[in-house]
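Undergrad: Mind looking over this structure? Questions follow.
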Amino acid sequence: MSIALAQQRAGPDRDANVTRTLAVMTEAKARGAELIVFPELAVDRFFPQQRNGGEDLPAEPIPGPTTEAVAAEARRLGLVTVFNLYELEPHTGRRFDSSPVFDADGSLLGVTRMIHITDYACFHEQDYYHPGDRGAPVYRTACGIVGVAICYDRHYPEYMRALGVAGAEVVVIPQAGSVGEWPEGLYEAEVRTAAFQNGYYAALCNRVGKEDRLTFAGESFVVDPEGSVIARAGTDEELLVVDLDLDRVAGSHARRLFWRDRRPELYRDWI
């Protein structure tokens, strides 16, 4: 599988952001990618920096105008696509941080909703998002079995394990991570650990650029099933394209040893 991480910024013109997103999909396909991943809130400014400013933010249903455009481009290009946007559930009015997953034919395979919702300075996400209610699904795409851990969910080892148990070969992480948000190297270390413990590839796609009170860090990266970083982007806009050997998943330490010796019947009540 060849995966592309679309490390990008979001300007104030949302329509222009959508147009640029579709162009990046075309570039990814031209460079041989079979799967493309976008950062958290791919075509919007990162509004959780502020306390809730009202109901005029660009939440939309899935399917909706933006996801229909992305699905059409995925279908035209034959490109599996993991997107992220602010989802509105029309019949309840609830809103979610959501990643729709489109197969290479443009069909919507499902929507992952972020489960764990935080609140701290510049990340007032509880003002905007309801907790996700769809568990930790994986998607059998045209190029492999893909799980999604949206930003904050990556901190929870039980969530990352659930994706592995469900069969994920690749876990993608749409993120909005800022400069200096965590101690140096810490969030990379936990992604590397999750990949090693679960025997899958992990690919974190971050946003970049200065917005209001935050500067987003970029430095998207891909980790192999043994926990080694095999590719990393810089701190500006970049399309990082990486080849993955999915045969390495079955041969990983986790799949050959750790999982073989698990005893889940003894620790179901521990979480």
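Undergrad: Answer yes or no: is there a residue in region 42-55 that is free of Cβ contacts under 8 Å to residues at least 40 places away in the same chain and either closer than 26 Å to A233 by Cβ or buried (at least 19 other Cβ atoms within 10 Å of the Cβ) (or both). Quick ask: steps written out before the conclusion?
TA: Initial filter on region 42-55 (free of Cβ contacts under 8 Å to residues at least 40 places away in the same chain): 53-55.
Checking which are either closer than 26 Å to A233 by Cβ or buried (at least 19 other Cβ atoms within 10 Å of the Cβ) (or both) leaves us with none.
No, because not a single residue in region 42-55 is free of Cβ contacts under 8 Å to residues at least 40 places away in the same chain and either closer than 26 Å to A233 by Cβ or buried (at least 19 other Cβ atoms within 10 Å of the Cβ) (or both).
Undergrad: I've got another one for you. Exactly one of (1) of a type in the set (A, V, I, L, M, F, W, C); (2) in contact with a Leu (Cβ under 8 Å, 6 or more places away or on another chain); (3) within 18 Å of V241 (Cα to Cα); (4) buried (at least 21 other Cβ atoms within 10 Å of the Cβ) is unmet by A104. Its number?
TA: Single failed check for A104: (4).
Undergrad: Restricting to region 20-68, and then to whatever is among the aliphatic types (A, V, I, L, M) and over 16 Å from S99 (Cβ atoms), can you tell me which residue is modelled with the lowest pLDDT?
TA: Narrowing region 20-68 to residues among the aliphatic types (A, V, I, L, M): 22-25, 28, 30, 33, 35-37, 41-43, 57, 59, 62.
Filter once more, keeping what is over 16 Å from S99 (Cβ atoms): 22-24, 28, 30, 33, 57.
Details: L22: 98, A23: 98, V24: 98, A28: 98, A30: 98, A33: 98, L57: 83.
Ranking the candidates gives L57 first.
Undergrad: Moving to a separate point now. For region 262-271, does any single residue satisfy the condition of being crowded, with 16+ Cβ neighbours inside 10 Å and either in a loop (DSSP other than H, G, I, E, B) or under 17 Å from the mean Cα position of the chain (by Cα) (or both)?
TA: No, region 262-271 has no match at all.
Undergrad: Can you tell which of P183, P131, P157, P174 is of a type outside the set (G, A, S) and touching a Cys at 6+ places or on another chain (Cβ under 9 Å)? Steps first, please.
TA: Numbers: P183 fails: touching a Cys at 6+ places or on another chain (Cβ under 9 Å); P131 fails: touching a Cys at 6+ places or on another chain (Cβ under 9 Å); P157 fails: touching a Cys at 6+ places or on another chain (Cβ under 9 Å).
Among P183, P131, P157, P174, only P174 is of a type outside the set (G, A, S) and touching a Cys at 6+ places or on another chain (Cβ under 9 Å).
Undergrad: Can you name the residue in region 107-143 that is in contact with a Ser or Thr (Cβ under 7 Å, 6 or more places away or on another chain) and of a type in the set (K, R) and is also surrounded by the most Cβ atoms within 10 Å (Cβ to Cβ) among such residues?
TA: Checking each candidate, the answer is R113.
Undergrad: Now for a separate question. Does A231 satisfy the criteria of being closer than 30 Å to W182 by Cα and among the hydrophobic types (A, V, I, L, M, F, W, C)? Break it down stepwise before answering.
TA: On the way: closer than 30 Å to W182 by Cα: yes; among the hydrophobic types (A, V, I, L, M, F, W, C): yes.
Judged against the criteria, A231 is a match.
Undergrad: If you check every pair at least six apart or on different chains, which have Cβ atoms under 8 Å apart with a residue in region 102-128 that is without any contact (Cβ under 8 Å) to a residue 40 or more places away in the chain first and a residue that is of a type in the set (K, R) and loosely packed, with under 14 Cβ neighbours inside 10 Å second?
TA: Note: pairs meeting the criteria are G106/R76; L109/R140; G110/R134; T112/R134; R113/R134.
Undergrad: How many of the residues in region 100-136 are among the aliphatic types (A, V, I, L, M) and either over 14 Å from the mean Cα position of the chain (by Cα) or at positive phi (or both)? Walk me through how you get there before you give the answer.
TA: Going through region 100-136, the residues among the aliphatic types (A, V, I, L, M) turn out to be 101, 104, 108-109, 111, 114-115, 117, 121, 136.
Filter again for either over 14 Å from the mean Cα position of the chain (by Cα) or at positive phi (or both), leaving 104, 108-109, 117, 121.
The qualifying residues number 5.
Table: residues versus (1) under 30 Å from D224 (Cβ atoms); (2) touching a Leu at 6+ places or on another chain (Cβ under 6 Å); (3) of a type in the set (D, E); (4) assigned to a helix (DSSP H, G or I).
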{"position": "L5", "(1), (2), (3), (4)": "yes, yes, no, no"}
{"position": "A33", "(1), (2), (3), (4)": "yes, no, no, no"}
{"position": "A42", "(1), (2), (3), (4)": "yes, no, no, no"}
{"position": "L57", "(1), (2), (3), (4)": "no, no, no, no"}
{"position": "I62", "(1), (2), (3), (4)": "no, no, no, no"}
{"position": "P90", "(1), (2), (3), (4)": "no, no, no, no"}
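Undergrad: Starting from residues that are under 15 Å from V242 (Cβ atoms) and either among the acidic types (D, E) or touching a residue at least 40 places away in the same chain (Cβ under 8 Å) (or both), keep the ones in region 188-201 and report whichever is surrounded by the most Cβ atoms within 10 Å (Cβ to Cβ).
TA: Looking at residues that are under 15 Å from V242 (Cβ atoms) and either among the acidic types (D, E) or touching a residue at least 40 places away in the same chain (Cβ under 8 Å) (or both), I get Y200.
Undergrad: Could I ask something else about it? Out of the residues in region 199-256 meeting the condition of being outside any loop (DSSP other than H, G, I, E, B) and of a type in the set (F, W, Y), tell me which one is nearest to A4 (Cα to Cα). Spell out how you get there, then give the answer.
TA: Narrowing region 199-256 to residues outside any loop (DSSP other than H, G, I, E, B): 201-206, 208-211, 214-217, 221-223, 229-232, 238-243, 247-250, 253-256.
Those still in the list that are of a type in the set (F, W, Y) too: 201, 216, 221.
Numbers: Y201: 13, F216: 19, F221: 10 Å.
Filtering region 199-256 for residues that are outside any loop (DSSP other than H, G, I, E, B) and of a type in the set (F, W, Y), the one nearest to A4 (Cα to Cα) comes out as F221.
Undergrad: Ok, one more. A30: exposed (fewer than 15 other Cβ atoms within 10 Å of the Cβ) and within 24 Å of G11 (Cβ to Cβ), yes or no? Give the steps one after another, and end with the answer.
TA: Values: exposed (fewer than 15 other Cβ atoms within 10 Å of the Cβ): yes; within 24 Å of G11 (Cβ to Cβ): yes.
When the stated conditions are applied, A30 passes them.
Undergrad: Turning to a different aspect of this structure: Please work out which one of (1) part of a loop (DSSP other than H, G, I, E, B); (2) under 25 Å from T215 (Cα atoms) is the condition A104 fails and give its number.
TA: Of everything listed in (1) part of a loop (DSSP other than H, G, I, E, B); (2) under 25 Å from T215 (Cα atoms), A104 misses just condition (2).
Undergrad: As an exercise: evaluate A168 against (1) in a loop (DSSP other than H, G, I, E, B); (2) of a type outside the set (S, T, N, Q); (3) crowded, with 19+ Cβ neighbours inside 10 Å; (4) touching a Lys or Arg at 6+ places or on another chain (Cβ under 6 Å) and give the number of the one condition it does not meet.
TA: It fails just one condition, (4).
The values are calculated or read from the model by the stated rules, or taken from the named source; none is laboratory data. What you see is a predicted model, and the numbers here were worked out from it, not measured in a lab. All Cβ positions, glycine included, derive from the backbone under ideal geometry; neighbour counts span all protein chains shown.
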